[in-house]
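To start, the structure itself, in structure tokens.
Read-outs: derived from the displayed coordinates by stated rules, not from any lab. Bear in mind that the values here come from a model prediction, so they are computed numbers and not experimental data. Positions of Cβ are generated from backbone atoms using ideal geometry, with glycine treated the same way; all protein chains shown enter the neighbour counts.
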Amino acid sequence: MASRLRLGLIPNLSQFTLLALDNVFVGMLVGSERTVVPLIGTQSFAVSSAAVLLTFVVAFGVVKGPLNLVAGRLADRYGRRKVLLVGWLFGLPVPFMLLFAPSWGCVIAANLLLGANQGFAWSMTVTSKIDLVGKRQRGLALGINEFSGYAGVAIASTITGTLAAHYGLRPVPFVFAAIVAVLGLLVVLVIRETTPFVQHEHAIASGGATMAPVMMREIFVDVTWRDPTMRACSQAGALNKFSDTGVWVLLPIAMAAQGFGPATIGAVAGVYAFVWGGAQLGTGILSDTIGRKPPIVIGLLLNAAGLLLAGIAQSLGLWFAAAALAGLGTALLYPVLLAAVSDVAAPAARGTALGVYRLWRDGGYAVGGLAIGVIAARVNPSGSFIVLAIFLLISAALVQWWMRETHVSHGLRVALGQPS
């Protein structure tokens, strides 16, 4: 079987496309609450404290971060497809819980399940695509994966904002979300397992040696601290989630305080996600050509610039510009961080290494939610955006200091006399 397998996008285009489609639905499920849920908190449940409002994001991050790690380890042991299926089983109840939520506590409970869905399902679409394409097209694969997911976030953010403006915050936006969850589960039924491609890649790299398991503790320590490149990636991913939490929660609050309605807020949130998602088609490929480090550093700087602009925005034009700039910055770094970790990790440990990285990255939702809650209690949303921008500038400096380049283009390898 292994001898008939071919690594690459074109030889595996049908399965790659199905995985991309499924990740559209993964993104749409989380995107369906981006515009509506913060407004439900303030308007339906009279949540006046930013710290309390942020609890739904904290709940999401508390679950999603650790389950990224669990998903990666389970995938290395039992296969990618089974973990993907479990992720969608977690996601199915979420729209119904939000639809019928009698209290803010039920919204928080729904986000615990949403975190589990994202931790398992999105992790497996990432890992499976990397398995299929091999090392030379890793940036391309991750760019397409993140494009598909965040295109889904953008589409759902815009649609649910429009539905909420015409039909109210509930029930119609969450009927839409329920349809998304069912379709996402159905796609999994025609997706195949990709673990044989990992074994095939390992056999090529090792000359046919048996793929031995790697100790979890060793991988965890490497990704968290011991390897400076993966340390740089982990902290950059976490700080980027601080930024995303700010856009997720503070942007609707700040814009609503300025008199903008749900449809307009949804359009701005949609621009953020559309730019983030769409630009990743190019940024992943770019990193296969110029390397991983420059897009990561520049992305953090642009993300910080977008937050600074959000901190001073008073007009709709400035809000759209801030959203686009923050989205472009995230697009430059988001798939490239995943590619850099995949470059460094051994094939046998890839799922686990990505899980550890995503543990720290998405743990930024939980830590960022708490931090933003504390900041917002002391300063207004505008000031909170500026504080977040400072965090991202510090993160960019740490990447510049710690990270080594993990990918050299084929042409540059040949020029340097290195094997391709």
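Could you tell me the relative contact order of the chain? Use alpha-carbon pairs under 8 Å, at least six residues apart, and round to a whole percent.
Details: 827 pairs, mean separation 111.9, N = 420.
Relative contact order of the chain: 27 percent.
May I ask you to list, by number, the DSSP H helices of the chain whose Cα span along the axis is at least 15 Å and whose average Kyte-Doolittle hydropathy reaches 0.0 or more? Write down the numbers at each step before the final one.
On the way: long enough: 13-31 (26 Å, 1.48); 55-78 (33 Å, 0.78); 80-91 (17 Å, 0.67); 104-133 (43 Å, 0.91); 138-167 (43 Å, 0.66); 172-188 (25 Å, 2.95); 195-206 (17 Å, -0.12); 228-245 (26 Å, -0.42); 262-290 (41 Å, 1.01); 293-312 (30 Å, 1.71); 316-344 (42 Å, 1.73); 350-378 (42 Å, 0.47); 381-402 (32 Å, 1.75).
Helix filter hits for the chain: 13-31, 55-78, 80-91, 104-133, 138-167, 172-188, 262-290, 293-312, 316-344, 350-378, 381-402.
In what sequence do Ile296, Ile375, Ile179, Ile285 fall when counting other Cβ within 10 Å, fewest first?
Numbers: Ile296 29, Ile375 22, Ile179 14, Ile285 18.
Taking fewest neighbouring Cβ atoms as first place, the list is Ile179, Ile285, Ile375, Ile296.
Per-residue HN-Hα couplings for segment 252-261, Karplus 6.51 cos²θ - 1.76 cosθ + 1.60 at θ = phi - 60°, whole Hz, x for Gly and Pro?
Taking θ as phi minus 60°, the curve returns x, 5, 5, 6, 5, 5, 8, x, 7, x Hz for segment 252-261.
Answer rounded, prolate or oblate for the chain, using the Cα gyration tensor with square roots of eigenvalues a ≥ b ≥ c: rounded when a/c is under 1.5, else prolate when a/b is larger than b/c, else oblate.
Numbers: a/c = 1.89, a/b = 1.44, b/c = 1.32.
Note, shape of the chain comes out prolate.
If I take R0 = 45 Å and measure r between the Cβ atoms of Leu99 and Trp401 in this structure, what FRET efficiency does the formula 1/(1 + (r/R0)^6) give, to the nearest 0.05? Present the calculation step by step, with values, prior to reporting the outcome.
Details: r = 48 Å, r/R0 = 1.06.
Calculated transfer efficiency: 0.40.
Packing-wise, with mean Cβ within 10 Å as the measure, how do 183-195, 154-166, 383-395 rank, highest first? Don't skip to the answer; put the middle values down first.
On the way: 183-195: 17.1, 154-166: 22.4, 383-395: 20.4.
Result, highest mean Cβ count within 10 Å first: 154-166, 383-395, 183-195.
Based only on other Cβ atoms within 10 Å, what is the fewest-to-most ordering of Arg73, Arg350, Arg292?
Values: Arg73 19, Arg350 24, Arg292 32.
Taking fewest neighbouring Cβ atoms as first place, the list is Arg73, Arg350, Arg292.
If you place +1 on the Cβ of every Lys and Arg and -1 on the Cβ of every Asp and Glu, how big does the dipole about the Cα centre of the chain come out, in debye to the nearest 20?
On the way: 27 positive and 15 negative charges, 118 e Å.
Its charge dipole is roughly 560 debye.
Quick check: Cα centre of segment 316-347 to Cα centre of segment 266-302, how many Å?
4 Å
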